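Take a look at the structure set out below.
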Amino acid sequence: MMAHGETPLAELVRLVAGELVSEVCSIYVVRPGDVLELAATEGLRADAVGRTRLRVGEGIIGLVAATGETLNLADAQNHPAWVYRAETGEEPYATLLAVPVRRAGRSLGVVAVQNRAPRKYDADEVEVVETVAMLLAEVLAASSGADAAVEDIGATVPRRFTGTSLVGGIALGPVVRHGLAHAPRRLLADDPAHEQARLAKAMETMQRGIDTLISANLPAGEAPREILEAYRLVAADAGWLKKVNDAIRGGLSAEAAVHRVGGELRDRMRRVTDPYIRERLADIEDMVNRLLATLDVGAAPVVSPPGAILLARRLGPAELLDWHARGIAAVVLEEGSPTGHAAILARALGLPTLAGARGVLEVADDDDDALLDSDEGLFVLRPEQEVRQAYQREMEARQDRQARWAAKRDLPSVTADGTPMTLMLNIGLTLELAQLDITGAAGIGLFRTEIAMMARGAIVDVAEQAAVYARVLDAAAGRPVVFRTLDLGGDKMLPGSPPAEEENPAMGWRSLRIGLDRPAVLRRQLRALLLAAAGRPLSVMFPMVATVAEFRAARALLIAEAARVRPAPSKLEIGTMLEIPALMWQLPELLREVDFISLGTNDLMQFVFAADRGTPSLAGRYDFLSPAMLELVGQLQPLAAAAGVAVSVCGEVAGRPLEAMTLAGLGITTLSMPAGGLPQVKEVLGALDLPAFRAVLASIRRTAGGAASLREPIAGWAREHGLPI
Ligand code: PEP
Ligand code: MG
């Protein structure tokens, strides 16, 4: 039906009703002015089509459009949101399944099915309607008017976006948008020839700028595909430049013409469903923005109101640091994944961050009020007064809690039964070092040297690296610090480096593999670390070790460098991360070689479950509190203890209360985590009776019976015992 290009809504409702054996199927479409109109129905009165109208937010249909969430109700008429519209003749129908038609984070309409007999639609039926809604979204978006309708509404009503939480937390504030072309300051011009000349010059300057960018970062002839592709698309668009020139002839300034034609191009591309082409949309925007920046010199730089929530399609690390300096409070990205470097930096900076809020840039205006509840994966543009107040109260409560935790800063980390715990921080930026004193951490269990280099935009020379590492040791003031050598590749690329030509970069040529194949860079880093230690104790850890032989090779490089640097560290400890499962079957040899092991559960989880950590749709699919992961830790810990090798955990799980107590239950007493997690972990461990929990955990594991996750029974026990999880 869709292939015919019409909008056969009447056909569609008949088909769905038949497929689901439901008595009613209706489609409501969002019309200009915040209104949902009954556009087609099978089962309700035909003359209600075009007449029945509900405000977004009104009735169950309006509620579904406003929240963007499916409602499956066995007794719809007793739902608090139910409103009755006599002209539809819908009184006999008890059951209602209403599914929003969503596209780019916005509701374009609602599909509803109804039945007389009270029952809930089953999962298969819900899936059918959701699939229809998905297809319908494309039909509605393509039919003229749908986008315009949504845009009209956009200016006034709340808009909700869901996404993946990259960094938890709440923020309330005005929005500021990154990377958007601002309306040109000068719209009209009376000398078209002059404007055309300006345009030609700007094109040339822009082109040259891009060429320089490419040649500065890449060997000749290897322009990144994206940029080439963007060029090609713009060039192939039947005379994009001609259109700009026509607009100039019509009396527009060069910048106004680029702005308008760029906008049209963007709208057209927005309707393309092919994900590859849609991806290129951002590149086109980049091009248009570059051109505008060249033409509209002197345009006011974007200023950020204090405490703003930054909206961006995606962000590089330097850009994020820039915005952080301007005082933003949170970030909402249309793209981006939990372990991408924007996420790692945002976590380091303590900025609540949400990714995957598609379409948000298009419906937001600068200075719109917004709220981000990243813990719930929710972003609300122009929230209702009551919602805003509720969040305001929650933020105040959190501040109280923070103050309570701060008061515990100097308390020792020890479980209720007196087992000492060592709680350390994961750090990657020198500006995070202040967190050591703020949280009262025991030291730095993981210093991610590649983040410090990413923030500088390059791997700096030995002296500069040594200065960075020395600052870390100075700030630690005698507390232990574990430096991890460069862990680049996969999702952590230095700015400007070409994207890896690999099918599967997480399992590609990354991290220590690069270090061993190109030992000069690794040796320089090791030398910088030894110089920074300047006679103090030094702990170095290698990432992504897959074999004992790789560890030995890396250690040999460190020992060779150590022989040359004076003064030698007073103590040199050399350890490995355990991120690749293969090490589990080399433990007897490995334990003879290493001084310590740190479990990098972020990577370990992705390799154990074969689930890419950077894929948002897999986030949360596999649980660390699973029989498999607990078995792994349970096997490792006693063997390491018997060999006298310290084991710690430095993946994100160490900073979550339930996971941290479970690790303690498995005998892991050193945990290294993001600063945000430390107070709560300390609080929960302080309330934990470890021997009692150990026995319970053993029994939960024994009786798991093939469960994918043991979270519920563990959490149940914690709640029963009043632990603040
Ligand atoms: C890990 O993999 O768990 C880890 C701590 O390292 P990163 O997140 O930097 O890969
Ligand atoms: Mg890792």
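The values are calculated or read from the model by the stated rules, or taken from the named source; none is laboratory data. What you see is a predicted model; the values in this text were computed from it and never measured. Heads up, the Cβs are rebuilt from the backbone with ideal geometry, glycines too, and the neighbour counts pull from every protein chain shown. Protein only, heavy atoms only, side chains kept; ligands, DNA and RNA dropped before computing areas. Shrake-Rupley method; radii C 1.70, N 1.55, O 1.52, S 1.80 Å.
Summary of computed values
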read-out	value
Per-selection Kirkwood Rh - region 509-576 (Cα, Å, 1 d.p.)	12.0
Cα coordinate range in region 380-486, projected on the principal axes (Å, largest first)	55, 45, 18
Whether region 30-121 is rounded, prolate or oblate, judged on the alpha carbon gyration tensor where a/c under 1.5 counts as rounded	oblate
Hull-based mean projected area of region 639-725, where the convex hull spans the alpha carbons, in square nanometres	6.1
Nearby lysines by direct alpha-carbon distance to residue 243 (threshold 27 angstrom, same-chain neighbours under 8 apart not counted)	201
Equivalent ellipsoid semi-axes, region 81-123, via Cα gyration tensor eigenvalues times 5, rooted, Å	22, 15, 7
Compactness relative to 2.2 N^0.38 Å, alpha carbon Rg of region 402-455	1.33
Whole-number D in µm² s⁻¹ for region 603-645, Kirkwood Cα-pair radius fed into Stokes-Einstein, 20 °C, 1.002 mPa s	185
Protection proxy ranking of 347-357, 321-331, 413-423 - average other beta-carbon atoms within 10 Å, highest first	347-357, 321-331, 413-423
Intensity falloff of region 481-631 expressed as log10 I(q)/I(0), Debye formula with alpha-carbon point scatterers, at q = 0.09 Å⁻¹	-0.32
Ordering of 115-123, 547-555, 306-314 by packing [mean C-beta count within 10 Å, highest first]	306-314, 547-555, 115-123
Listed peptides 474-480, 588-594 by packing density, highest first (mean Cβ within 10 Å)	588-594, 474-480
Net charge of Cβ neighbours under 12 Å - reference residue 688; Lys, Arg +1; Asp, Glu -1	-1
Convex hull projection area averaged over all views, region 553-611, Cα basis, nm²	4.9
Accessible-area composition of region 520-603, carbon plus sulfur, in percent [1.4 Å probe]	58
Cα-based convex hull volume of region 571-708 per residue, rounded to whole Å³	129
Hull shadow area, averaged, region 447-488 [alpha-carbon convex hull, nm²]	2.8
Electrostatic dipole magnitude of region 468-609 [Cβ: Lys, Arg +1; Asp, Glu -1; Cα centre; debye, to 20]	800
